[in-house]
Every structure is written in C-alpha cells, then in structure tokens.
Amino acid sequence: MTEAIRFETTEDGIAILTIDRPEQRNALSKEVRDGLFAAWDRFEKDDTLKVAILTGSGEKAFCAGGDLKEMVETGLKVPPPGMFPVGHETVHLTKPTIAAVNGVAYAGGWMIAQGCDLCVASTSARFAITEVKVGRGSPWAAPLIHMIPQRIMMEIILTGNPITAQRAYEIGLVNRLAEPAQLMDEALKLAREVAAGAPLSLAAGRETVMLATEMGRSAALKAARAAHEKAYNSEDAQEGPRAFSQKRTPEFRGQ
C-alpha cells in the first residue's frame, strides 16, 4: 500500500481503510488509487477480517473525486478500464464493506461510496455527481438506478448539485446517519452487527443482492439458490440452529 491509505484493524475483525490526503480533499490521485487497490486486496485475503469500513481523514472530505490537476497534466480523456478501485466493478470482494462518509463525497467520491455495500454518513456530509460542471462523464453512476428513484437520479446527474446527508438518507442512498463525532462509532456498530453473521451466509446474501439487481425474478431466484448451496451445506448451518436450541452464541467458523 501507499502512504495515502491507512489500514487499521480491530480485535474483532473489522478493517478500517482511511484515505489520508486531507490537504487534497482525499481526491483519487494515482497514489490514492494504488493504495486503495492494495488495501482492498489485503482485506480480501486476510481470513481474520470480516467487514471493512472505508472513510476519509479530516472533517471536510470523504473524497472530493478525481484529481483534476492530474487529469490536466496527463490529458486524460476516457478513463481506462480498471482505473478506479470500485467494489462490485474493479475490486473483487466476497466480504461486506461499509462507507463511512465524513464529509463531501463528490464525483469519484460518490462512486467509491456507492461501490460499498452499506453507507453510514455524517450529518455534515454532502453527496454530488458533479461531472456535468466540468465537462466530464459519470457512466459509473448507472447502478445507482437500483438504489434510488429514476427522477431523483436524473436530477442529481443533470444538475450536478449536492444533496445533504439527510436527503441521501431519505432517498435510500445512506443506511444510517450520525453526528460527526459519532460517525465511526456508528459505522463500527453496523460493522459488528454484520460481522456477527455466519461468514458463508453473509457472502451468499451479498451475492444474492447483486444477482437480484442484474436479473429477472426467476433467473435471480435460481442463481441465488446456487449461491447459497455452500452455506446450506456448511458446518455453520448446523452450528447456528444448535446454538439457538442451546441458548448460546453460535461459534461460526466459515466452514
């Protein structure tokens, strides 16, 4: 990883990835992009880690988007495939992820937050797809249609105007809101609620949600059943009911 990304872990298996370039509003420079790719890879390969939280350093910005200065210097036109680290697109992950949005999430900042499975936002956060204001494009926003209503998506993209964290919560982009000082506490709380589930069931459930956004009802049901086969046939699938009947906390092993 690069120095642009801090990678921390908790004793209960939560990884915290922090974009640490507050003086650049945590913009997606090459150093940040490379660091995020490496950090996501580290999280995915570490079997002791169950859930990851992505956030930004400082109080002003989660991520202000692409590095416009770098774009000018390189003459960037169409971004090459795989340029940006986005969950479900260019980053392969089998474990849940949470965006903890601490400030502005504009353009590419919205993109990487959207790529996480869940989102907790500070009440001071702002979200915007600003590409129309600088002549750039936002093809990455296409999956947003599965998260928010069409008319709202249209207005956000066509105006480039920011929305508040409260509005983002109301339209379904954000799962939970927290006061700025409590943001990480709320994100960790959600992460631990998720991490308490059986690993194989979490992986299959996460895959099911994505399958359901890409297929019709019958095809999604068929694919989801296949995705859950491993979980159903695991030791954890026996341990869960056994622990419930014995009135104790299950000891899931991901097997």
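The table below gives the values:
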{"read-out": "Surface per residue (accessible, 1.4 Å probe) for the chain, Å²", "value": "53 Å²"}
{"read-out": "Percent carbon-and-sulfur accessible area, the chain, ignoring ligands, DNA and RNA, probe 1.4 Å", "value": "53 percent"}
{"read-out": "Rounded to 10°, Cα long-axis angle of helix 236-245 versus longest principal axis of the chain", "value": "70 degrees"}
{"read-out": "Rounded to 10°, Cα long-axis angle of helix 199-214 versus longest principal axis of the chain", "value": "50 degrees"}
{"read-out": "Label point distance in nm, residue 226-residue 249, each placed 7 Å from Cα along Cα→Cβ", "value": "3.7 nm"}
{"read-out": "Mean Cα-pair separation over length for the chain, i.e. relative contact order, pairs under 8 Å, 6 or more apart, %", "value": "15 percent"}
{"read-out": "Degrees between helix 30-45 axis and first principal axis of the chain (Cα, 0 to 90, nearest 10)", "value": "0 degrees"}
{"read-out": "The stretch 178-255: C-alpha gyration tensor shape, a/c 1.5 cut-off, then a/b vs b/c", "value": "oblate"}
{"read-out": "Size of electric dipole in the stretch 1-64: Cβ of Lys, Arg +1 and of Asp, Glu -1, about Cα centre, debye, nearest 20", "value": "320 debye"}
{"read-out": "Centroid-to-centroid separation of the stretch 91-116 and the stretch 202-220 [C-alpha atoms, Å]", "value": "20 Å"}
{"read-out": "Computed FRET value (nearest 0.05) for residue 38 with residue 69, which takes r as the C-beta separation and R₀ as 30 Å", "value": "0.85"}
{"read-out": "Value of [θ]222 nm, deg cm²/dmol, for the chain, DSSP H segments ≥ 4, -39500 (n - 2.57) each, nearest 500", "value": "-12000 deg cm²/dmol"}
{"read-out": "Total charge dipole magnitude, the stretch 154-225, about the Cα centre, Cβ charges on Lys, Arg, Asp, Glu only, Debye to nearest 20", "value": "380 debye"}
{"read-out": "Efficiency of FRET between residue 124 and residue 189 - r from beta-carbon atoms, R0 22 angstrom, step 0.05", "value": "0.70"}
{"read-out": "Options (i) 23.5, 86; (ii) 16.5, 50; (iii) 18.8, 64 - which one matches Rg and Dmax of the Cα atoms in Å as calculated here", "value": "(iii)"}
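The values are calculated or read from the model by the stated rules, or taken from the named source; none is laboratory data. No experiment lies behind these values; they were computed from the predicted model shown. Don't worry about glycine lacking a Cβ; one is built from the backbone with ideal geometry, like all the others, and counts go over all protein chains shown. For accessibility, only protein heavy atoms count, side chains too; no ligands or nucleic acids. Shrake-Rupley method; radii C 1.70, N 1.55, O 1.52, S 1.80 Å.
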